[in-house]
1. Based on the Cβ-Cβ distance of Leu224 and Asn158, what FRET efficiency does E = 1/(1 + (r/R0)^6) give at R0 = 41 Å, to the nearest 0.05?
2. Please say if segment 256-306 is rounded, prolate or oblate, where rounded means a/c under 1.5 for a ≥ b ≥ c the square roots of the C-alpha gyration tensor eigenvalues, and otherwise the choice is prolate for a/b larger than b/c and oblate otherwise?
3. Given labels modelled 7 Å from the Cα in the Cβ direction, how far is it in nm from Gln352 to Glu390?
4. What residues of segment 113-131 lie in the reach of a label at Ser293, counting those whose backbone N is under 15 Å from a point 7 Å from the Cα along Cα→Cβ?
5. Given a Förster radius of 51 Å and the C-beta distance between Gln73 and Asp2 as r, what FRET efficiency does 1/(1 + (r/R0)^6) yield to the nearest 0.05?
6. Lysines within cross-link reach of Lys40: Cα-Cα under 28 Å, excluding same-chain residues under 8 positions apart?
7. Which of the GluC sites (Glu not before Pro) found in segment 1-93 are loop residues per DSSP with 16 or fewer other Cβ atoms within 10 Å of their Cβ?
8. Could you please report the charge total around Ser87, scoring K, R as +1 and D, E as -1 over all other residues with beta-carbon less than 13 angstrom from its beta-carbon?
Amino acid sequence: MDQCVTVERELEKVLHKFSGYGQLCERGLEELIDYTGGLKHEILQSHGQDAELSGTLSLVLTQCCKRIKDTVQKLASDHKDIHSSVSRVGKAIDKNFDSDISSVGIDGCWQADSQRLLNEVMVEHFFRQGMLDVAEELCQESGLSVDPSQKEPFVELNRILEALKVRVLRPALEVVLILKRQKRWAVSNREMLIAQNSSLEFKLHRLYFISLLMGGTTNQREALQYAKNFQPFALNHQKDIQVLMGSLVYLRQGIENSPYVHLLDANQWADICDIFTRDACALLGLSVESPLSVSFSAGCVALPALINIKAVIEQRQCTGVWNQKDELPIEVDLGKKCWYHSIFACPILRQQTTDNNPPMKLVCGHIISRDALNKMFNGSKLKCPYCPMEQSPGDAKQIFF
């Protein structure tokens, strides 16, 4: 992160200089053009086109040429200074970013099976982003066969998301059709949405009802009729439904001029996009974020630490320290954003616990792994490595995260 800040600082200097140079250049050239234009007009009026110039005018022209030359030299010098600043950006990039990242690669990592798996992950990522033509081209080039049924959910998902991103609330025909398509998707998956405690279907009905409110008294009857769709959600969304019904009183003066103006907040479209993506991915058995983007982000965080440890290993000539394909030489903290399940590392053995080696809670409250527990007790007694309490190993209890 510090490397990025350093490069960004140099880049900001260049942009600031470039902006100042542009303004200075434009102002200087305009003044020069006005000056020479005025001088030309004065000469033509005083002497005509074929008359000889007086000594005074010759001196004025000489000064004009000198002014032009000085201005051009000044602009050229400033331009050269900008080139120097641009080169410093390149040097900052070379200094702060190691372009040779192949040193942390492991030979033989991308075998045929791994390469096929990577292609599948990339294809799924392109499907998620709605880049269907790119995904199909990748399938052809890599010889990957993708079942059409795997692509169809992503096509539908992206089609509805693109419609939601329009963020239009006024009761126009195309918006109504968009919302009705989205409603049909939610209704057809209602049981699964209820099972995962989703509010997606209610919020889609709510948005459609608000679009009717935007039409004023013209849509009053239709809005009242549509309110029947809130009946299945009355138990969990009673307060929200009451607010929607109360807004009907202000249809004549307009919702935008009423205490219910918050119903027109455009941010709810962004919220519905996030909710729709989350619930749709859950119904499809997929993660909300693309596995490829998550892996790439994690790699960007881990790469500097891995490059540093690789340099230390080579410098100290420690062979065999890092030769396993599925294990890193050090623990890399990816931040809470990448916490997908709870883990516990034994403070004694420095190893993550597993099903065969679960975490055990001692009587004193400290937690160690079962393997550490078996190695530490002497006879029938165990002394906690963190406090002087002696206890029986049989009193330790397995805990579950």
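Since every read-out is calculated from the coordinates, none of them should be taken as a lab result. What you see is a predicted model; the values in this text were computed from it and never measured. No Cβ is skipped: glycine too gets one built from the backbone with ideal geometry, and neighbour counts run over all protein chains shown.
1. 0.75
2. oblate
3. 3.8
4. Correct set: 122-131.
5. On the way: r = 40 Å, r/R0 = 0.78.
For Gln73 and Asp2, the calculated efficiency is 0.80.
6. Here the lysines satisfying the reach criterion relative to Lys40 are Lys66, Lys69, Lys74.
7. Taking segment 1-93 and a limit of 16 other Cβ atoms within 10 Å, the loop GluC sites (Glu not before Pro) found are Glu52.
8. With Lys, Arg at +1 and Asp, Glu at -1, the net is +3.
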